[in-house]
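Structure first, then comments.
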Amino acid sequence: MELSEGGLLVVGGGWRLVHIPRLNRELERQPQNAGAIRQVDGSRLTALDSAGAQLLLQVAPAPDAIFGLADRFRGVLQRVIDAKDAIDRTPKPRPANSLLTRLEHIGRQTSDGGLKIYEMLGFVGLCVVTTGKILIRPWTLDLRATAHHLENTGLKALPIIGLLSFMIGVVVAFMGALQLRKFSAEIFTVDLIGVSVLRELGVMFAAIMVAGRSGSAFTAQIGTMQTNEEIDAMRAIGLDPIGVLVVPRVVALVIALPLLTIYANLVGLAGGAVISLAVLEISLTTFLEQLSGAVGLPTLMIGLSKAPIFAMAIAIIGCFEGFKVRGSAASVGRHTTTSVVESIFAVILIDAAFAMALSWMDI
Amino acid sequence: MISSPENDAIHTTPAITVHGLVNRFGAQWIHDDLDLEVMRGEILGVIGGSGTGKSVLLRTIVGLNRPLQGDIRILGERLSALRGSARKAVLARVGVLFQSGALFSGLTVVENIALVLKSHTSLRPERIDLLARQKIDMVGLPQDAAEKLPTKLSGGMRKRAGLARALALDPEIVFLDEPTAGLDPIGASDFDSLILELQQSLKLTVFMVTHDLDSLVAITDRIAVLVDNKIRIGSLEELLNDPHPWIQEYFHGPRARATRHAIAG
């Protein structure tokens, strides 16, 4: 590169993307006293790509000040000139007023929240109507899909829910033993285990696990189908996506969660019994005797009766969020997160409502 | 400023060589002892029936699929033997346009292109932004598409944005997987002339999987046909006289005849 007195810059060699840092350094090193560049001689260029052409255009005062360019570089230079014109013509987006944007954001969030409750209610209604239609004609239920979901949400959850419930039993037993020992009332540890596991913890932790395992899976499955236009394809064929996708999942979960709860209760009690035996030296016979005195059928039923309601909430939220997916993979991720958070929130909210209602009824 | 060695090497080494390639998925043989050589500055069209392994061949060459056997070189380098920065340096000289664009869905169009420039160069952000916007214009997208997310674009626009990303580093080889599929005829012929122009000014090597007969006729130097797990390669005239039944059917079917009539007339 050489800049002469009259403002003539002779460029040569390769002007490609990889050369740009070096070319920039060379441009800075040109003698300042030669004055501004007025013309650019490109006859010695051996390579020119679009990045190099862009730099050339920045160096030259005007596109027609570049001369001597080989014919094969004319095309790319013209493209870059056109691109530069188009970029210059496009107005830069104005930076938004931050206070206004924030206010707008708050407003949008509020209205979106309201809208979401409205949509959710609509979706629940749609599910109820579709389920009702299927219940009237039970043979229209897709048994294969239901069995498939039953296996995935129920059978395959057994190991993890078993482990979790066992640990819960262990923790409650330890806690009871430590506190009740102060009053020499260790034997009431059994009561504590029985009531807390059967009435609250068994079903709650099974539900939370299912929300994390299956609720998220429902959202991701339906969401991916949504991005893949599979839901639209179903509608175009004349299949009802609610009937095909939602009802089997809801039915499967409503069957699976009570069964998982019974299983979680048993394993939880077993965990408690093991610790009672190991730490408090309460034999299994004594444990069972004390247990049957402490809890009756009502306690068991209270716990179990929550299971189908939790199941419905988890399945409907999972599917609802799946249908709300729009467009991209990022959206699938966002809605899956929302689905898990919302369904765990719903489980705890419903549980609290149960607790209040039952205490009001004195049960 | 003397010419860099890469320019002198242009016609001495082939851009892509594939030797003895074997690909098999389970019991299904895709490629069996396949050989292919693509010259620098050449536009190669790759055709073949569905499931004959056109896309697999493309993926194997760019290192996305590990073949059972075979020696594959891009620009003289064996990609499978390279790690780290050496691999990155070869990949910087190659651009790939996937069938549906494969734009990163969380980024806007201009961010998609800038990401490539950022990860391979140490240029200043303003220059990267300018280069990215330049590529958007070069592939025929309006500037207001720059700030849009890929989901907000039509299929054809997504394809152009994908090409803009493939061209971000002004690569020496571009791999195009059905670039004109899904474009309207005007857009497709625009695309063709763009490829041709870039090929001329940048000495670009183009490996193009396509079913578009117009593209094949208009811009390819040679055509590679995937038949019987191997490749038959030649100019359009040579392939027109190839006795293989699939090739005959391809070039002498009703669609091909219409295209050739249209071009001759």
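Given H placed on each backbone N at 1.01 Å, which residues far from B:VAL227 in sequence or on other chains put an amide H within less than 5 Å of it?
Answer set, sorted by chain and number: B:ARG232.
Suppose all protein chains stay in the model; what accessible area per residue would a 1.4 Å probe give for region B:22-128, in Å²?
Here the per-residue accessible area is 48 Å².
Please give the average number of partner chain Cβ atoms lying within 10 Å of the Cβ of each residue in B:19-30, rounded to a whole number.
Values: counts 0, 0, 0, 0, 0, 0, 0, 0, 0, 0, 0, 0.
The per-residue average across the peptide is 0.
Could you compute the net charge surrounding A:ALA217? Neighbours are other residues with a C-beta less than 12 Å from the C-beta of A:ALA217; K and R count +1, D and E count -1.
+2
What's the average, rounded to a whole number, of partner chain beta-carbon atoms within 10 Å of each residue's beta-carbon in A:87-94?
Mean partner-chain Cβ count within 10 Å for A:87-94: 3.
What is the antiparallel percent of DSSP beta bridges lying wholly in the protein assembly as shown, to the nearest 5?
If I count the DSSP bridges inside the protein assembly as shown, around 45 percent turn out antiparallel.
Mind checking how much accessible area B and A bury in total, 1.4 Å probe, in Å² rounded to 100? Intermediate values should be presented prior to the final figure.
On the way: alone 13310 and 20460 Å², together 30970 Å².
Its buried surface, counting both partners, is about 2800 Å².
When DSSP beta bridges are limited to those with both residues in chain A, what percentage is antiparallel, rounded to the nearest 5?
20
For chain B, what is the charge dipole size about the Cα centre, in debye to the nearest 20, if Lys and Arg each add +1 at the Cβ and Asp and Glu each add -1 at the Cβ? If you can, show how the numbers build up before the last one.
Working: 29 positive and 31 negative charges, 184 e Å.
Its charge dipole is roughly 880 debye.
Relative contact order for region A:12-51: what is it in percent, counting Cα pairs under 8 Å that are at least 6 residues apart? Please list the in-between numbers first.
Details: 29 pairs, mean separation 31.7, N = 40.
Contact order relative to length: 79 percent.
Non-local amide H neighbours of B:LEU176 (under 5 Å, H modeled in plane, Pro and chain starts lacking H): which ones?
B:LEU97, B:PHE207, B:MET208, B:VAL209
Assign one of three labels to region B:122-182, namely rounded, prolate or oblate, based on the Cα gyration tensor with a ≥ b ≥ c the square roots of its eigenvalues; rounded applies when a/c is under 1.5, prolate when it is not and a/b is larger than b/c, and oblate otherwise.
oblate
For region B:229-251 and region B:129-144, what is the centre-to-centre distance using only Cα atoms, to the nearest Å?
Each part reduced to its Cα centre gives a spacing of 38 Å.
Taking region B:1-130, how much of its Cα-Cα pair set, in percent, is spaced more than 25 angstrom apart?
Percentage above 25 Å: 39.
Compute the separation of the alpha-carbon centres of region A:1-75 and region A:331-363 and state it in Å as a whole number.
68
Looking at region A:177-209, which trypsin sites (Lys or Arg not before Pro) are in a loop (DSSP not H, G, I, E or B) and have at most 16 other Cβ atoms within 10 Å?
A:LYS182
Is region B:140-230 rounded, prolate or oblate when judged by the Cα gyration tensor, a ≥ b ≥ c being the square roots of its eigenvalues, rounded requiring a/c under 1.5 and prolate requiring a/b larger than b/c?
prolate
Any idea what the relative contact order of chain A is, in percent, if you count C-alpha pairs under 8 Å spaced at least 6 apart?
18
Express the carbon and sulfur contribution to the solvent-accessible surface of region A:1-152 as a percent, rounded to the nearest whole number, probe 1.4 angstrom.
Ligands and nucleic acids excluded, carbon and sulfur reach 58 percent.
Considering amide H positions built from the backbone, and no H for Pro or chain starts, which residues 5 or more places from A:THR46, or on another chain, come under 5 Å of its amide H?
Here A:GLY13, A:GLY14, A:TRP15 satisfy the definition.
Calculate the translational D of region A:2-89 in whole µm² s⁻¹ from Stokes-Einstein, where the hydrodynamic radius comes from the Kirkwood formula applied to all Cα pairs, the temperature is 10 °C and the viscosity 1.306 mPa s.
Values: Rh = 13.1 Å.
The estimated diffusion coefficient comes to 121 µm²/s.
May I ask you to order B:215-224, A:77-86 by the average number of other C-beta atoms within 10 Å around their residues, highest value first?
B:215-224, A:77-86
Can you give me the relative contact order of chain B as a percent, contacts being Cα pairs under 8 Å and 6 or more apart?
24
Using packing as a proxy for protection, rank A:115-121, A:304-310, B:13-19 so that the peptide with the highest average count of other Cβ atoms within 10 Å comes first.
A:304-310, B:13-19, A:115-121
From other protein chains only, count the Cβ atoms within 10 Å of every residue's Cβ in A:47-57, then give the mean.
5
Calculate the tail of P(r) for the protein assembly as shown: the fraction of all Cα-Cα distances greater than 39 Å, expressed in %.
That tail contains 53 percent of the Cα-Cα pairs.
Going by alpha carbons, how many degrees (0 to 90, nearest 10) lie between the helix axis of A:216-227 and the longest principal axis of chain A?
Taking Cα atoms only, the helix is inclined about 40 degrees.
The values are calculated or read from the model by the stated rules, or taken from the named source; none is laboratory data. Since we're looking at a predicted model, the values are computed, not measured. Here Cβ is always computed from backbone atoms with ideal geometry, including for glycine, and neighbour counts include all displayed protein chains. The accessibility values were calculated without ligands, DNA or RNA, using every heavy atom of the protein model including side chains. Shrake-Rupley method; radii C 1.70, N 1.55, O 1.52, S 1.80 Å.
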